[in-house]
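Just below is one structure, and these are the notes that go with it.
The values are calculated or read from the model by the stated rules, or taken from the named source; none is laboratory data. The structure displayed is predicted, hence computed values, not measured ones. Positions of Cβ are backbone-derived with ideal geometry, glycine not excepted, and every protein chain shown enters the neighbour counts. Side chains are part of the model used for accessible areas, which takes the heavy atoms of the whole protein and leaves out ligands, DNA and RNA. Shrake-Rupley method; radii C 1.70, N 1.55, O 1.52, S 1.80 Å.
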Amino acid sequence: MNIQGNHWRLPRRTFLKGIGAMVALPWLEIMSANAKSITTAGSMAANEIPRRSMFTYWGLGMQIRAFTPPDTGRNYTLTHALEPLAPFKDECTVMTDLSSFSGGHGSCSCLLTGVNTVRNAKTLMSVDQQLAAYHGSATRFPSLVLGTVRETGFGGPFPMTLSWSRNHTPITPENRPEVVFEKLFGNEDNNTLAAARQAMAQRASLLDSIKEQAAALQRQVGAADRERLDQYFTSIRDLEERIKVEGEWIERPKPKVDRPDFGQSSPRDRIANDGRGYSEYTRLMFDMIALAFQTDSTRVVSHIPRTEGDEAHCYTYLTKSKWDLHSITHHDEEEEKLAMWQQLDALYMAEWGYFLGKLKEVKEGSGTLLDNTIAAWATTNGGINAHSQKQLPLILCGGSGLGLKHQGHLVQTEVPVANVWLTVVDRIGMPVPEDFQGGVAKAIVKELV
């Protein structure tokens with residue numbers, strides 16, 4: 001055995017072969033560069049840690065006065081809305097008084113882009129997709145784009161996605177956890193693999209044909225149309241890159257994971273008018289994200305667990321509220337509405353606490369999945385009525401393994417949310433792209449690094 005050459009080390013992606021199937025192994029300490037022998041634990045070397053990021057958007061924000069802690073620093077006082085995060089207090093930074101380019105209804109499209117809104121012509125690439133491009137083909141899926149509705153809202157007054165591609169188009173979210181599971185871990189056999197190879201070859205052939213026709217057309221049109229065709233070619237190049245990544249992964253088996261019980265119908269369809277089923281549905285989506293990170297199927301996720309639509313009626317079966325959440329935000333200082341909003345905030349925050357718990361319970365090297373993931377709870381709905389681009393809350397969680405230094409409660413008066421994403425990019429190690437966040441980001445949040 002040549003210990004000096006580390007010939008005994010297992011590759012990061014090792015598979016067990018059985019009758020008609022292959023199973024991907026989890027990360028083992030013998031795979032690490034820090035391992036000294038077959039039996040000596042190695043933990044994870046810094047360059048072996050998957051550097052993950054997750055961005056969530058919570059429509060209609062929070063009852064900001066009740067949400068904001070009365071003090072700052074690591075020993076801050078948890079408010080009622082933040083009590084579900086008590087087990088993770090040292091692993092989160094609650095940031096208040098931030099700002100964004102736009103706020104209120106229809107503003108979610110600027111959260112990860114810095115500037116995209118329904119009221120301007122900007123369509124910049126979102127930070128999650130920039131991170132996905134940075135990771136490239138390191139994972140089977142460069143990113144997951146998720147939400148509670150399966151539409152972008154593009155062209156209408158209410159965007160429904162956080163993610164924008166490099167060719168300036170919104171990416172449609174997936175809203176069904178059972179579909180996400182099949183995408184990540186669905187059964188594969190010789191027949192399904194052959195069909196996948198054939199479909200990939202057909203798509204590649206079709207793209208070649210389209211490119212030839214578009215190139216011929218480009219020689220016949222004016223300057224304005226040539227510019228539009230250039231954008232079209234960018235879209236084709238995105239598809240070609242995606243096919244290339246799929247081709248690299250198609251022969252590698254998916255991880256084997258026990259299928260959760262999704263019930264007889266889609267969990268999304270079981271959300272009742274009084275909110276029953278929302279918590280089950282939301283937690284199943286968070287389960288899928290945790291599994292995707294745990295199996296290193298992706299390292300980037302964007303997710304909208306709560307829009308400004310029907311799911312804002314949630315928890316009525318518990319609270320007996322006379323109003324939906326949007327009506328509550330227009331409270332006119334009515335004490336009953338403000339009290340109800342505060343109660344709802346804690347219920348929703350419990351869902352986020354559930355997700356953090358899922359990440360924290362998974363050991364990874366010498367830390368946990370939460371240590372190696374930067375997960376953001378965010379909104380562009382601020383102010384006392386949740387319709388302003390100012391007084392925004394944001395909770396940055398995890399990431400201690402990536403060098404994030406949590407500060408408890410940190411006031412950032414009118415600091416743009418884009419600065420927080422610049423900080424995330426810094427911790428992930430990605431070079432800052434040109435025109436990042438449309439120039440809105442000015443500097444990293446130095447207290448966090």
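Observations on the structure shown:
- Whole-number percent relative contact order across the range 352-449, with pairs defined as alpha carbons under 8 Å at least 6 apart: 21
- Per residue, the range 77-166 exposes 34 Å² of solvent-accessible protein surface, assessed with a 1.4 angstrom probe and all protein chains in place.
- Shape category assigned to the range 325-440 from the gyration tensor of Cα positions, a/c cut at 1.5: oblate
- In the context of the full set of protein chains, the range 257-306 has a per residue accessible area of 39 Å² (1.4 Å probe).
- Inter-part distance where the range 375-426 and the range 274-305 are each reduced to a Cα centre, Å: 21
- The range 273-339: equivalent-ellipsoid semi-axes (sqrt of 5 x gyration tensor eigenvalues, Cα, Å): 31, 13, 9
- The modelled label-to-label distance between ALA86 and TRP249, using points 7 Å beyond Cα along the C-beta direction, is 4.0 nm.
- For the residue pairs LYS89/LYS360; LYS405/LYS446; LYS358/LYS405; LYS183/LYS256; LYS89/LYS358; LYS254/LYS360, alpha carbon separations beyond 19 Å are given by LYS358/LYS405; LYS254/LYS360.
- Karplus-derived HN-Hα couplings along the range 331-338 (A = 6.51, B = -1.76, C = 1.60, θ = phi - 60°), whole Hz, x at Gly and Pro: 8, 6, 6, 6, 4, 5, 5, 5
- Average 1/r across all pairs of distinct alpha carbons in the range 103-167, invert it, and you get the Kirkwood radius: 12.4 Å.
- Sum of side-chain charges, SER388 neighbourhood, beta-carbon under 12 Å (Lys, Arg +1; Asp, Glu -1): -1
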